[in-house]
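The values are calculated or read from the model by the stated rules, or taken from the named source; none is laboratory data. The model shown is predicted, which means the values in this text are computed figures rather than measured ones. Neighbour counts are summed over all protein chains in view; Cβ atoms, including those assigned to glycine, are modelled from backbone coordinates with ideal geometry.
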Amino acid sequence: MALIGFSFFALYFVKNQNKEEISQVYENERSYTSNIIENVKYSSKDINGNEYVINAEKGEIDIKDGNIIFLTNVAAIIKLKNSKNILISSNFGKYNITNFDTIFSENVIINYLQNEVKGEYLDFSIQRNSMIISKNVIFSDNVNVLKTDVIEINIKTKDTRFFMYDKNNKVSLMNKN
């Protein structure tokens, strides 16, 4: 079953490879416990016309679940129909090719309008319409710097919630000037 899923993936999603290289990937799939793909690119659109594009230097297909791709050096663009683009980058990612949910980790940077959010972990879900950024989160705009444990954003409504794990701690807001 995994070979069939990988074969479909290789034929339709891996670009710039000739038939000999694809055959070699099949042989490697049978011999090893991982599949490496370079210059990975996925693009998807939802029913509302929003587009999600993810690029990575390298992807490794999870041998236990062919729908999961582990990514290295990730860059993503979320093109919202009635809004500006959201840019995301991170050292690593875990992408689900079935529902497009993506976990970004290590050195996560999100740029939207004139705002920048940095953190160590981002759970992005098209199905839930949410982005949850956590671990050492710093939000900055032209005027302020905000430090918090978690930022939750509803992609559809743009509702945003900032909070701390420990209720005794408070979100820190500082003026840049």
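Okay, here's what the table says:
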quantity: Residues (more than 18 Å from residue 35 (Cα to Cα), modelled with pLDDT under 95 and not polar (S, T, N, Q)) located in the range 62-102; calculated: 78, 79, 80, 81, 84, 86, 100, 101
quantity: Condition met for residue 167 (of a type in the set (Lys, Arg) and within 27 Å of residue 49 (Cα to Cα)); calculated: no
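Yes or no, residue by residue, for (1) in contact (Cβ under 8 Å) with a residue 40 or more places away in the chain; (2) of a type outside the set (A, V, I, L, M, F, W, C); (3) touching a helix residue (DSSP H, G or I) at 6+ places or on another chain (Cβ under 9 Å); (4) at positive phi:
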position	(1), (2), (3), (4)
102	yes, yes, no, no
117	no, no, no, no
127	no, yes, no, no
133	no, no, no, no
141	no, yes, no, no
153	no, no, no, no
159	no, yes, no, no
165	no, yes, no, no
175	no, yes, no, no
